[in-house]
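No value in this document is a laboratory result; all are computed from the given coordinates. Just so it is clear, the model here is predicted, and its values are computed rather than measured. FYI the Cβ positions are ideal-geometry reconstructions off the backbone, even for glycines, and counts take in every protein chain you see.
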Amino acid sequence: MSKRDFIATDEWHDEEILALLDLAGRLKRGEASGSLAGKVLAMVFFDPSLRTRTSFEVGMVMHGGHAVCLEPGKGSWAIETRPGAVMDGDTVEHLIEAARVLSRYGQALGVRSFPKAATWAEARRDEVVRGFAQHATVPVINLESARRHPCQGLADALTLREKLGPTAGRRFVLTWAWHPKALPTAVPASAAINAARLGMEVVVAHPPGFELDPDDMATIRTVASRAGGSVQVVYDIDQAIAGADAVYAKSWGSLAHFGNATAESAYRAPHRRWQVDEARMATTAGGRGIFMHCLPVRRNVVVTDGVLDGPWSVVVDQAENRLHAQRALLLELLGERP
Amino acid sequence: MSKRDFIATDEWHDEEILALLDLAGRLKRGEASGSLAGKVLAMVFFDPSLRTRTSFEVGMVMHGGHAVCLEPGKGSWAIETRPGAVMDGDTVEHLIEAARVLSRYGQALGVRSFPKAATWAEARRDEVVRGFAQHATVPVINLESARRHPCQGLADALTLREKLGPTAGRRFVLTWAWHPKALPTAVPASAAINAARLGMEVVVAHPPGFELDPDDMATIRTVASRAGGSVQVVYDIDQAIAGADAVYAKSWGSLAHFGNATAESAYRAPHRRWQVDEARMATTAGGRGIFMHCLPVRRNVVVTDGVLDGPWSVVVDQAENRLHAQRALLLELLGERP
Amino acid sequence: MSKRDFIATDEWHDEEILALLDLAGRLKRGEASGSLAGKVLAMVFFDPSLRTRTSFEVGMVMHGGHAVCLEPGKGSWAIETRPGAVMDGDTVEHLIEAARVLSRYGQALGVRSFPKAATWAEARRDEVVRGFAQHATVPVINLESARRHPCQGLADALTLREKLGPTAGRRFVLTWAWHPKALPTAVPASAAINAARLGMEVVVAHPPGFELDPDDMATIRTVASRAGGSVQVVYDIDQAIAGADAVYAKSWGSLAHFGNATAESAYRAPHRRWQVDEARMATTAGGRGIFMHCLPVRRNVVVTDGVLDGPWSVVVDQAENRLHAQRALLLELLGERP
């Protein structure tokens, strides 16, 4: 029996993703429906969540289904993720059993696992979510891994289409921002891939030394090329934002310093001026470019109160669109549609 | 679009609260019904809960709805509550975004946040629940803040009406009790306000120095005055309980020593004899006054096993009435009723 | 009003347990149905869970009901379990109130509480789950206590009947295995009791000094005798497994050293060769005996990857059968069946 996983939007065909966006829009407008009656989504959170957990739970319930939420090491058992491990340490259950057993209780699994490996070479393999996908016998949905946050990417694309109308050739700026911690690159990679798929002019802005993973950059370029868009990298936040139709702010850590928090923090320290504020938003296209962020966001660090509470911000719409994008995904994977 | 919050019963009209109590009674007896189908309550617990969480979740489900439960700083992100904060510390998400986003996923929010500020002057502003109410676009229900526990207040009033029949002029004694920690005043203030609304003779008993907030005392007196009841403060537990129709035991900390645990503890220490026991309950009206507590209660500290397991105790009925009072509230805020 | 608790399968009549297994099989095959509409199961987990929590929640939902999950000391209040305690320490709520209150919110309670007492003499009384059963006014289901894991026992028996067909006289080997911690004896006792009820030849294998509780061994023998089976104890893993139809691996601590972790660990240390591997499974009946474990299992400690991923393992079926066995139990306790 074949099954379909949703680990990365770039592992699905462009047309499939665009069809999901269309369905999501129709679901949001009440123009489509579908049933998840009798279906259970089992979510495994190795890391915290507000939007993901709530929007998936509500999405299942809206269509007559149900979601279960487990937290390994808290209410649930500490899970071993290394293949072949001799488990005489702190972990109590292997992901192999967790994946196989939850496949008997639910019709799909969701897994969130932020990067915890010592090196980027290891973290970038996304072994936790891919291990669940390998051993589960039902579809596995990536709720954010080291490399991808595909549900966020769907919601981002849905928001861009809603807010900008035709997206081809419009300027999408993904800008790095300073943040007190070295965050993962899953969201920026996913956002850029999904903007690229819409045929946008994708600008990736960050200080030198904060390059995204080369494979992810190659994926962004490939997707852009297929969609008739473009990709460029700039090292200046002001140059990047000028004329933008959409500014997507996000912090991430220097992959070159991955796993070395002290060195990475020192390397990141000089760039505190990489922040999105009202003055910078005033330089966007017509002064009316939209401001995007995946949330949670650190106010007055990554972006000012003035931007978040001003006319530019669509961050709450992005969060709402998580719900509708995921309803579309769940109906595609599990649903019965009229 | 206007929305209705439920932060304090004293911010609603007396007739509205009395109507909720009537509806709660009818729902409990199976004489009323209503639908919450397609409705989601999103609850945010900054502090623990047994009754509140369970009774709201069950109440939503009983009427076809659903409840989601989030715990900031545990499974969910640590939430910043200070307006204008530069978030470069431990908090990851601002309550502004949490309120706005959860308003897109649910049709009502619930928030529990015990006092954590350094001073009573700050804590008494109830900025967390009021911040959620300000930024949410759906009704916000106070699940217990520094100042009020309005759902408990409703359940207390419902219980008084059930157990005493006509309440006007009956003696309601709110008595302080010793407890190893300095607890909040939300429950005693809410209980007294709601007894006052029933036209009872309200007696507030505590050792000198354990006065409730003056504004809350003024509210209790105002509500009592409107309802034709009375309020007095006594400083002796035996004098207070003698002749009582209802004895409501509750501990709270000295507001004069708020934020100084060591000093407050020493100030509280001499009053360990403020405990409700069988001998004191024998002095109630006809020896048959009811014993009330919001739960959780520390057995053999605040009240003896003999009282809790004896004929006086209605604490489990109070807890059950949380469910019915909240069903009435949810139907009023969200429901469709035949 | 009478109520029925499910603390141990050996406290129900054999025919009742066999009828539950029959119903579970029919439910699994889609040959039976039943409604839990309007029913709520309130689960209290003093200890972690993956299977128990998920399978009960899904089981309730499959029949139109709902489950609530509480964790005392985490999201819920720390619970006192000692009768008569003067609660001036760390616990905030007594199990008496928790049991009474949850009986007003749900139609059944589930309780998981692993042994935490200082001595086996105290732990073996199972006072937490029995305290809940005493004070609840609705059925209480044991979700694993110091002495029993009756839902696991049901699932084990269901699996044995599914995999072996006629069970009378077949060789069921419960073998101790080394593990880095001293685990409880609830699962091995429950597994052996339930295999005995099927009329099997029960072999209990462990190193000297790891005897199960004498009362539990007596119960296994009594049940076996009623069912026409047999019980023997052997002190050699190879002798035990040879010719087995089913090998059930499980670690447990030496009861003689209960509560003394250092001494128990040293006493357990020499027995690391008590592990189930492919060579040992090859000596089972026809080389095709089934391998059983309750999960979670420590891979390459209790049992090798080769056995778990090989043709012998039925551990995932056992886990799935938790769901169906519990559906039968819930329908028996709460349900309306056509």
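Sketch the reach of a paramagnetic label on C:Asn260 as a point 7 Å from Cα along Cα-to-Cβ, and name the residues of segment C:106-120 whose backbone nitrogen lies under 14 Å away. Inside the label zone: C:119-120.
Which of rounded, prolate, oblate describes segment C:152-318, given a ≥ b ≥ c as roots of the alpha-carbon gyration tensor eigenvalues and a/c under 1.5 marking rounded, otherwise prolate only if a/b is larger than b/c?
oblate
Counting from the shortest, the label point at B:Ala282, 7 Å from Cα toward Cβ, is 8.0, 8.0 nm from the same position in each remaining copy. Here segment C:4-70 and segment A:212-277 have alpha carbon centers that stand 51 Å from each other. Along segment A:166-172 the Karplus relation, 6.51 cos²θ - 1.76 cosθ + 1.60 evaluated at θ = phi - 60°, assigns HN-Hα couplings of x, 9, 4, x, 6, 8, 9 Hz to successive residues, with x for each Gly and Pro. Amide H contacts for C:Arg171 (H built 1.01 Å from N in the peptide plane; partners 5 or more residues away or on another chain; cut-off under 5 Å): C:Glu201, C:Asp245, C:Ala246. Taking every DSSP beta bridge that has both residues in the protein assembly as shown, what percent is antiparallel when rounded to the nearest 5? That works out to approximately 5 percent antiparallel.
Report the Cα centroid-to-centroid distance between segment C:152-177 and segment B:278-292 in angstrom, as an integer. One Cα centre to the other: 58 Å.
Close lysine pairs were tallied over chain C: pairs 8 or more places apart or on different chains with Cα atoms under 30 Å apart number 15. Inter-copy label distances at A:Ser225, shortest first and taken from points set 7 Å along Cα to Cβ: 8.0, 8.1 nm.
Distances between placed amide hydrogens fall under 5 Å for A:Gly110 paired with A:Ala42, A:Met43, A:Val44, A:Ile141, all partners being 5 or more residues away or on another chain.
Across peptide A:99-109, the average count of Cβ atoms from other chains found within 10 Å of a residue's Cβ is 5. Scanning residues 5 or more positions from C:Val234 or on other chains, those with amide H under 5 Å from its amide H are C:Val204, C:Ala205, C:His206, with H placed 1.01 Å from N in the peptide plane. Among chain B residues, the one whose Cβ is nearest the axis of the rotation from B to A, given with its distance rounded to whole Å, is B:Lys74, 4. Taking Cα centre as origin and charging only the Cβ of basic (Lys, Arg, +1) and acidic (Asp, Glu, -1) residues, the dipole magnitude of the protein assembly as shown rounds to 720 debye. For segment A:151-318, the Cβ-based charge dipole about the Cα centre amounts to some 80 debye (Lys, Arg positive; Asp, Glu negative; other atoms uncharged). Length gained on full extension, C:Glu16 to C:Ala85, computed as 0.36 nm times the residue gap minus the Cα-Cα distance: 21.1 nm.
A simple rule links phi to the HN-Hα coupling: the Karplus curve 6.51 cos²θ - 1.76 cosθ + 1.60 with θ = phi - 60°, which for segment A:251-264 gives 9, 8, x, 6, 5, 5, 10, 3, x, 10, 4, 5, 5, 5 Hz, with x for Gly and Pro. Each Lys and Arg Cβ is given +1 and each Asp and Glu Cβ -1; about its Cα centre, chain A then shows a dipole of about 380 debye. Seen from A:Arg100, the other residues with C-beta closer than 12 Å to its C-beta sum to a net charge of -3, counting Lys and Arg as +1 and Asp and Glu as -1.
For the residues of A:259-272, the average number of beta carbons from a partner chain within 10 Å of their own beta carbon is 0. The protection proxy used here, the mean number of other Cβ atoms lying within 10 Å of each residue, ranks peptides A:212-220, C:152-160 as follows, highest first: C:152-160, A:212-220. If both residues of a DSSP beta bridge must be in segment A:151-318, then about 0% of such bridges are antiparallel.
If we count every other residue with Cβ under 9 angstrom of C:Val307's Cβ, Lys/Arg +1 and Asp/Glu -1, where does the sum land? Summing Lys/Arg as +1 and Asp/Glu as -1 gives -3.
Counting from the shortest, the label point at B:Ala261, 7 Å from Cα toward Cβ, is 2.5, 2.5 nm from the same position in each remaining copy.
By the gyration tensor of its Cα atoms, with a ≥ b ≥ c the square roots of the eigenvalues, what is the shape of the protein assembly as shown: rounded for a/c under 1.5, prolate for a/b over b/c, or oblate? Since a/c reaches 1.5 but b/c is at least a/b, the shape of the protein assembly as shown is classed as oblate. Along its principal axes, segment B:221-294 has C-alpha extents of 41, 34, 22 angstrom, given from the largest down. Which of rounded, prolate, oblate describes chain C, given a ≥ b ≥ c as roots of the alpha-carbon gyration tensor eigenvalues and a/c under 1.5 marking rounded, otherwise prolate only if a/b is larger than b/c? Oblate shape, in that a/c is at least 1.5 and b/c is the bigger or equal ratio. Among the residues of A:309-317, the average count of other protein chain beta-carbon atoms within 10 Å of the residue beta-carbon is 2.
Per-residue 3J(HN,Hα) values for segment B:234-243, derived from phi via the Karplus relation 6.51 cos²θ - 1.76 cosθ + 1.60 with θ = phi - 60°, read 10, 10, 9, 5, 5, 4, 5, 6, 3, x Hz in sequence order (x marks Gly and Pro).
Across chain B, the longest piece that holds none of the trypsin sites (Lys or Arg not before Pro) lying in DSSP loops with up to 11 other C-beta atoms within 10 Å covers B:30-272.
Annotation: the antiparallel percentage among DSSP beta bridges lying fully within chain C is about 5.
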